[in-house]
Amino acid sequence: MNAFPTSSFAKARRTLSVLALLAALFSLSRGAANDVGLEYRIKAAYLYNFTKFIEWPPAPAAMSEAPFVLGVLDADGAAYNIIKESLRGKSGANGHPIVVRHLTGLDAEASACNQIFITRSSGLDGAQIRKWLDGQPIVVVGETTGFAEQGGVIGFVLRGDAVHCEINLAGAQRAGVKLSGRLASVARLVHETR
Amino acid sequence: MNFVRFFCVGSSAGVSLLKKSGTALLIALCCLPCIHGQTTSTSSAAGVAASAEAADDLTDLSLEQLHDLSISAASKHAEPLFETPAAVSVLLPVDLERAGSSSIAESLRLVPGLHVIEALPDQWNVGVRGGNGIQSTKLLVLVDGRSIYDPFYGGVLWANAEVALPDLARVEVVRGPGATLWGANAVSGVINVISKDARDTLGGIVTIRSGTEETTQAHVRYGAQLDSNTWIRVYAGGASTEGATGQMSEDPKSGYQEYRTGYRSDTVLSADATFTSQFDYLNSRRTIDGDTSSMQTASFLTRLQVANFAGGEMQLQVYADYAKEAAGRSDLGGESSITAAVNEQNKDFDVDLTHHLHFGVHDFTWGGGARLTDNSVQNTENLQMDHPRLETWLVNFFAQDEVALAPTLKLTAGTKVEYRDTIGWEPLPNVRLSWIPNARQMFWAAASRAARAPSRGEREVLIRTATLPGSDTSLPIRMELSGNENFGAEMNNAFEAGWRWWPSHRFQFDLAAYEFIYDHVRSFDTIAFLDPGPPANLVYRAILDNDASAQTRGLEASWKYRPSDGWELNGGVSRQAASTRNMTDNPIVAADYWTPDWLWHVGSWWQLPHEWEFSSTLYGVGRTPGANLPGYLRLDVQLVYRPRPDVELSFGVQNLGDPNHSESITGNALPSTEVRRDFYVRAQWRF
């Protein structure tokens, strides 16, 4: 990539991109636009906290040194990058290092995760996710409307300009995980719609 | 949603003044240097380009901190409270839970500079920055923007300011005058109790608390979604306190019972507009030494918030309020005590409009409102009002602008102009300056003028406070207290400054200093005359006047420190002094300017294994020089067991170290009880 394009076409393109940047900044000021980067960094921090406030069923002895695997199901990879960067070098409960993997679908690689974050861009619906889960000890976290009510364990909700959580205890029970009471201070409980 | 919105716009929604000016600043900064790739530290927190490299490690935050962060790109600082040029504290539900508070008034002990007195079962007196008589006359208390203020007493009845803990969003406390945005009576402070949006209280919750002080509290709430864009919650609750040691007698027949019910609904009208409606009803009864008084209040409030209205955010609020009080007896002191029963009815109808917009480097808020109050007090033998029933109007306009003078310097100037029947037109200006050199610390200073409007009682009442029988050599004597139709507003010229140092997410320190100069303060002139009767009486009458003055000054500090994930510490300390001139010795009046010389607290919370948590808070109240009262210490401890998100069990002791003590500073002048050690159990279940 040439940082200083000299052709007139390239100059025009550079001017346009500068203008686009200014326009983007102006549009930030007008409405209630949210900082998407910050939104995913907050969600990454929540996902990190969930590893400490949720108890998974005990792993077989051979796996006790295994890292904690967080899968991010993300169509374009933007959320995955932010989350991976935020959790670089972090460890979950009992010192298990956290590994962040990019998932492209609900497949065998997804089954190897302890926790999966399903982004808006993935386009999956609650029924598909629930069917695939079928009692696996995986905590699925989503950010689409009504995610927890459709069977996910935790859903992120945007209330105004803050990120809150919804918890589905029935979903947690099916996955065999135990949620800490501390989560009640930042989450509200929802009931499944089916 | 965050304090700054409250302070500038006066409600819990709408984008804040300061956040918007942060955006204006960003544009100002970036339009010039951004092409050269320069950014300053103040602009790094916002903007799409900067977010990926911002140094903040959010995994360092506690769950509760994450819950409160703002992702609005307009914020320079993810915690906008940081930028506010005022002495502000926010109490979150988690703070009240950990302190084991059973009421909102009690939780205010956690704010430096606030002196909280438990005077009677469920009757609290709260003084901000000096002075804590029976009435909290200079403190404006709001619930969701609705004023809780009794126009007859000129004070706050705290039972009206309760929101059950599961439905509470937060309590915002501004120490210092808030007159420009809130009008007269916001003289020493403003407290806004904000309830949660109905969307945040779905499902059911039951809470029961029971203590050895024979205090029992119960609360039930259920919230649901009615249709695709309406949510509603309904609640019912009650409390009962039996028996307390009175200062004046050991009569066990003292107690308090209350019942409450109400609802709140929130409707999303469009992407930009929300409509809220709330109804609350309270019925309470208090018995002291066999005499019973009762109170019923009902209020209905509606609010419309529009995010894109004529270039900014708009809020329109309309509410109607009804209160009925029947006081069985008010003991007004003296050797032969007199019963002065007060039967009062009060109706309020209030309309308020706020509009907030920004252009260029300006962040501008303006608005206005009107309130009609219909107050009637029944005349009795010992208490008479000039007008048994009085309708008064209150009309106000306000405007406030915040200008970025330089990248790190902001000036806020504004005024409210109020018209009240009792004091005519009153301008209430304020000016504030804030200097924010970086994202870790800021300095602010403010000067403002506030007024405390006269209450109905102060202008019209004639109370017989005592009678002494005659003898062979002297006539019977009658003592009276008289209002004055010319009694005017008490004024406060306030000067404040503060420093906020938040070096990391784990440590925060706030410091504030103030000097309040009160003028036209309530005083008494005493006259004596002969009332021919028959029967003949010698009358000593104390008439209210505005001849006194007072000064209070002080320093307040508060801090929070989170050494590790499972341990949090917090604390506050304040030092204050007051002096008065031309002030009577009568404690009912003079106590307004009495203050403990020190107030401090330190609290600690630990996460223990297996879902147990332990917290303890130690409070210290220094001696009150004016009343010559000693200070006291109070220790509260609590153990909480939270096995799952839907079940919670707490065990605690309030006032652990001390079997009982008196907190009231008016001594024997007014009924009060002693605060006793209380062992309690609290259970909460969500369904």
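Every number here is computed from the coordinates shown, using simple stated rules; none is lab data. Predicted, not measured: the structure shown is a model, and the values here were computed from it. Positions of Cβ are backbone-derived with ideal geometry, glycine not excepted, and every protein chain shown enters the neighbour counts.
Multiplying the sequence separation of B:V351 and B:V403 by 0.36 nm and subtracting their Cα-Cα distance, what value in nm do you get?
The span from B:V351 to B:V403 would gain 15.9 nm if fully extended.
Given a cut-off of 23 Å, name the pairs among B:K138/B:K560; A:K90/B:K196; A:K84/A:K178; A:K43/A:K90 whose C-alpha atoms lie farther apart than that in the structure shown.
B:K138/B:K560; A:K90/B:K196; A:K84/A:K178
Using a Förster radius of 56 Å, what is the FRET efficiency between B:E391 and B:S471 based on their Cβ-Cβ separation? Nearest 0.05, please.
About 0.75, to the nearest 0.05.
Averaged over its residues, how many other protein chain Cβ atoms are within 10 Å of peptide A:172-181's Cβ atoms?
3
When Lys and Arg each count +1 and Asp and Glu each count -1, what net charge do the other residues less than 11 Å away from B:W124, Cβ to Cβ, add up to?
Around B:W124, the charge tally is -4.
For region B:351-430, which GluC sites (Glu not before Pro) are in a loop by DSSP, counting at most 16 other Cβ atoms within 10 Å?
Those that pass, being in a loop and sparsely packed, are B:E381.
At 7 Å along Cα-to-Cβ for each site, give me the label-to-label distance between B:W435 and B:S270 in nm.
So the label points at B:W435 and B:S270 sit 4.5 nm apart.
How far is it, in nm, from the label point at B:S228 to the one at A:S111 when both lie 7 Å from their Cα along the line to the Cβ?
Output for this residue pair reads 3.9 nm.
What is region B:521-572's relative contact order, in percent, from Cα pairs under 8 angstrom and six or more apart in sequence?
So the answer I get is 30 percent.
Modelling each spin label as a point 7 Å along the Cα-to-Cβ direction, I'd like the B:N343/B:L372 distance in nm, to one decimal.
Going from the B:N343 label point to the B:L372 one covers 2.5 nm.
Could you pull out every one of the aspartates and glutamates with an alpha carbon less than 20 Å from that of A:K131, ignoring same-chain neighbours closer than 8 positions?
By straight Cα distance, A:K131 reaches A:D74, A:D107, A:E109, A:E143, A:E149, A:E192.
Only counting other Cβ atoms within 10 Å, I'd like B:L530, B:L96, B:L538 sorted with the fewest neighbours first.
Ordered by Cβ neighbours within 10 Å, fewest first: B:L530, B:L538, B:L96.
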